[in-house]
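Before any comments, here is the structure.
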Amino acid sequence: MTLALHQRGLFSWTEWAEALSARLKAAGAAVDGSDYYHHWLDALEDLVARKDISPKSELRSVADAWQRAAQATPHGQPIALGNDPFTQGSRSK
C-alpha cells in the first residue's frame with residue numbers, strides 16, 4: 001500500500017521515510033523491533049491523513065470492517081470486505 005501510494009505521487013519517499021522514522025523514534029517503541037509493523041501502519045495512516053488522502057476516521061472504519069471480515073471468513077479462504085457481517089445488511093443489491 002505504501003509503495004502504491006508513493007508511485008501514484010501522493011507523497012515523496014522522503015516524506016514517507018520521515019513519517020516512519022518519527023514513529024520508530026517515538027517513546028514506547030519496543031527495543032527489539034517487535035512492534036515495527038504497528039509503527040509502519042501508524043506512520044502510513046498519519047501521512048495519509050496529513051496529506052488529505054483519507055481521514056483517519058475512514059481508515060479506522062475500513063480497518064474495523066477488515067477485521068470483522070477476517071473473523072467471518074472461513075480458514076483458507078481469501079478475506080474480502082464483502083464478508084463483513086456488520087455491513088452486509090446495509091448494502092444495496
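Throughout, read-outs are computed from the coordinates displayed, never taken from laboratory work. The model shown is predicted, which means the values in this text are computed figures rather than measured ones. With ideal geometry, Cβ positions are generated from the backbone for all residues, glycine too; neighbour counts draw on all protein chains shown.
Build a GNM of the chain with springs between Cα atoms under 10 Å: which of Asp46, Asp64, Asp32 gets the top mean-square fluctuation?
The residue with the greatest mean-square fluctuation here is Asp32.
What ³J(HN,Hα) values, in whole Hz, does the Karplus curve 6.51 cos²θ - 1.76 cosθ + 1.60 give for segment 58-64 when θ = phi - 60°, with x put for Gly and Pro?
5, 4, 5, 4, 5, 4, 5
So what's the gap between the Cα centers of segment 52-81 and segment 1-42, to the nearest angstrom?
20
In deg cm²/dmol and to the nearest 500, what is the mean residue ellipticity at 222 nm of the chain if only DSSP H runs of at least 4 residues count, each as -39500 (n - 2.57), divided by the residue total?
After summing the helix terms and dividing by the residues of the chain, the value is -18000 deg cm²/dmol.
What does the charge count near Tyr36 come to, summing +1 for each Lys or Arg and -1 for each Asp or Glu among other residues with Cβ under 14 Å from its Cβ? Numbers along the way, then the final one.
Values: positive: Arg23, Lys25; negative: Asp32, Asp35, Asp42.
Net local charge, Tyr36 excluded: -1.
Give the angle, between 0 and 90 degrees and rounded to the nearest 10, that separates the Cα long axis of helix 36-50 from the longest principal axis of the Cα atoms of the chain.
Its long axis makes an angle of about 90 degrees.
Go from 0 up to the bin containing the longest alpha carbon distance in the chain, width 10 Å each, and give me the % of pairs per bin.
Result, from short to long distances: 15, 34, 33, 17, 2 percent.
Under a crude label model (7 Å from the Cα following the beta-carbon direction), how far is Ala29 from Thr73 in nanometres?
Output for this residue pair reads 3.0 nm.
Which of Ala69, Ala27, Ala17 moves most in a GNM of the chain, Cα contacts under 10 Å?
Ala27
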